[in-house]
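Asks: Take this structure, written in structure tokens, and hold onto it; I'll ask about it next.
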Amino acid sequence: MSQLRTLYIFLSKQTVWFWFDGKTRCLESVAKPLSPKRILELCHEWNASKVVLFLEFPWVLTHFETTITLSPEELKSYAKMQLAFHDIPESELQNSTQAKQTNSLSTELPVGGIYFKQAQTDRVGLLCATLSAESLSLKNLLKQEFTSTVELVPLISACVPILLNNSSNSIIFKGLEQSFYLEKTDSLLTKLIELPSFSNVSQELFVADQLAQKTKPQTFRLIPLAKADAFVEDNPEAETEKTMPEPADIQNTVAIETVLSEWKGLAHSPKSGFWWAAPKNRRRLRLVGSWWTLAGLLILAVIAGTGLFYYETLKHRKVLQQELSSLEVELEQHINNSPALIYAAREKHLEELEKLAKQMVEESFWKHQTLQTLLSSIEGAWLEGFDFEGRNLRLRLLALAPIDAVDLFLKLSKIPEADSVHFKSQQKTKIKKHELTRFILLIKLAPPLGTKQL
């Protein structure tokens, strides 16, 4: 199960649970949101070798969407676009030192994610997350207090694998204070939506009214397996002391002991578990100075491509001239010995060279014509550059929206000049404050009809 020397903290806006050495304690319904300093005060009594925090909003922000598999750099860019915390005003911070620390952290908040398999082979369910500045402040305070490892984890990412094992295909999951609606098909997560909190309307009614469902969802609650010792803040606005409900009182539960036993720690890749991006791997994207500059680059790329084809034609012509010169030398050496045989051999070689020269010219013309056809077929995107070698063409493009990239991919796949088209990668970028999608297409050209490869 879990290590006895590890302190597990389940943390929300006004609720916190502690699990240490097999015992659970709970502080809930406090008068004001919990702060990193208050959490640190509650941890003084434990001598932990490691601290793991399972976080809910506002400590962590999450987003789920079905997308293609992204590289680590692309995932970081995607998560940054989907998630963003507002800066905390300096008036709400306790001192100037903490204010400087929070402002420095807010500019580089880490992002991470975890992949869930989908029915489509080229699609995955991505649950990405980012931490708030207060989360990083709490992590630093705990590292200084315990001089040990501190891990931060979105609580929902640790609970989803447990919920996927349930037979129900629609589930309402209620954590500490945050709730989610899940849909799955054959144990594959297809939908994950955060539910709003209502004081007078149940979330079950909200789901029934707002979300189309085939079956009535089952409600699951996160509670400790054993009865917890509840304690409250020492202030008149706090609620009276209460104990956690017994598991028998609730039909469907997810015990925190189950979450701890299933948790395997942070992963090194979003494919194998929840993963935080490393700050040192971040790369800055280069921006084009203006749209006119971009247009000029595209024109230069087309000119360079045309020049490349002419260069290949000249190179083939040089090879042909060398072969002709060698043949002439060989013919001159044998012409005095056997004129009849030399004459027949010369006629045969001349026919072969004529076919070879014709094929070289046809292939060079075909390559030039094929490039013009492919470039003229590009719609809904801009050509940023390309590389060509043999029959392999690599296009680097920009599009206003991901759907434009998909449409262009499908269009080029149907062109007879293309033997195969592969969608290499895509990522978001900005040019003059305009959001664009940068993507790469790898095209293998079909061999020309009526010719053979050289």
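The values are calculated or read from the model by the stated rules, or taken from the named source; none is laboratory data. Quantities reported herein were computed from a predicted structural model and do not represent experimental measurements. Here the Cβ is made from the backbone with ideal geometry for all residues, glycine too, and neighbour counts use every protein chain on show. Areas reflect the complete protein model, heavy atoms only, side chains present, ligands, DNA and RNA absent. Shrake-Rupley method; radii C 1.70, N 1.55, O 1.52, S 1.80 Å.
Asks: Please list, ordered by first then second residue, the pairs with beta carbon atoms under 8 Å, 6 or more apart or interchain, first in the range 118-129 and part of a strand (DSSP E or B), second among the charged types (D, E, K, R).
Replies: Val124/Lys117; Gly125/Glu65; Gly125/Lys117; Leu126/Glu65
Asks: Condition first: modelled with pLDDT of 75 or more and either within 30 Å of Glu384 (Cβ to Cβ) or among the hydroxyl-bearing types (Ser, Thr, Tyr) (or both). Can you find one or more residues in the range 333-340 that meet it? Show your work before the answer.
Replies: Taking the range 333-340 and keeping what is modelled with pLDDT of 75 or more, we get none.
Within the range 333-340 (the criterion being modelled with pLDDT of 75 or more and either within 30 Å of Glu384 (Cβ to Cβ) or among the hydroxyl-bearing types (Ser, Thr, Tyr) (or both)), the answer is no, since none of the residues qualifies.
Asks: Continuing with the same structure: So Leu300 passes all but one of these: (1) surrounded by 11 or more Cβ atoms within 10 Å (Cβ to Cβ); (2) at pLDDT below 65. Which condition number does it fail?
Replies: It is condition (2) that Leu300 fails.
Asks: Of the residues that sit in the range 26-56 and are of a type in the set (D, E, K, R) and at pLDDT 85 or above, which one is nearest to Val153 (Cα to Cα)? Write out each step before concluding.
Replies: Going through the range 26-56, the residues of a type in the set (D, E, K, R) turn out to be 28, 32, 37-38, 41, 45, 50, 56.
Restricting the remaining residues to those that are at pLDDT 85 or above gives 37-38, 41, 50, 56.
Values: Lys37: 19, Arg38: 20, Glu41: 21, Lys50: 14, Glu56: 9 Å.
Ranking the candidates gives Glu56 first.
Asks: Test each condition in (1) at pLDDT below 85; (2) among the polar types (S, T, N, Q); (3) open to solvent by 40 Å² or more (accessible area, probe 1.4 Å) for Thr451 and report the one that comes out false.
Replies: Thr451 satisfies all of (1) at pLDDT below 85; (2) among the polar types (S, T, N, Q); (3) open to solvent by 40 Å² or more (accessible area, probe 1.4 Å) except (3).
Asks: Same structure again: Based on this model, can you work out whether Val421 counts as farther than 30 Å from Leu356 by Cβ, assigned to a strand (DSSP E or B) and free of Cβ contacts under 8 Å to residues at least 24 places away in the same chain? Don't jump to the end; show me each part of the working.
Replies: Numbers: farther than 30 Å from Leu356 by Cβ: yes; assigned to a strand (DSSP E or B): yes; free of Cβ contacts under 8 Å to residues at least 24 places away in the same chain: yes.
Yes; evaluated as a whole, the condition is true for this residue.
Residue-wise test of (1) farther than 18 Å from Lys117 by Cα; (2) at pLDDT 85 or above.
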{"residue": "Val153", "(1), (2)": "yes, yes"}
{"residue": "Ile172", "(1), (2)": "yes, yes"}
{"residue": "Leu182", "(1), (2)": "no, yes"}
{"residue": "Ser187", "(1), (2)": "no, no"}
{"residue": "Phe198", "(1), (2)": "yes, no"}
{"residue": "Ser202", "(1), (2)": "yes, no"}
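Asks: Go through the range 402-418 residue by residue and tally those that are open to solvent by 90 Å² or more (accessible area, probe 1.4 Å) and more than 20 Å from the chain's Cα centre (by Cα). Spell out the reasoning first.
Replies: Initially, the range 402-418 is screened for residues open to solvent by 90 Å² or more (accessible area, probe 1.4 Å), giving 403, 414, 416.
Among the residues that remain, those that are also more than 20 Å from the chain's Cα centre (by Cα) are: 414, 416.
Of the residues in the range 402-418, 2 are open to solvent by 90 Å² or more (accessible area, probe 1.4 Å) and more than 20 Å from the chain's Cα centre (by Cα).
Asks: Could you list all residues from the range 161-199 that are touching a Phe, Trp or Tyr at 6+ places or on another chain (Cβ under 7 Å), open to solvent by less than 30 Å² (accessible area, probe 1.4 Å), touching a residue at least 40 places away in the same chain (Cβ under 8 Å) and under 26 Å from Thr121 (Cα atoms)?
Replies: Within the range 161-199, Leu163, Ile171, Leu189, Leu192 meet the criteria.
Asks: Looking at the range 37-76, which of its residues are buried (at least 21 other Cβ atoms within 10 Å of the Cβ) and in a helix (DSSP H, G or I)?
Replies: Leu75, Lys76
Asks: Pairs under 7 Å by beta carbon, first residue free of Cβ contacts under 8 Å to residues at least 60 places away in the same chain and more than 15 Å from Ala295 (Cα to Cα) in the range 378-400, partner open to solvent by 20 Å² or more (accessible area, probe 1.4 Å) and outside any strand (DSSP E or B), six or more apart or different chains?
Replies: none
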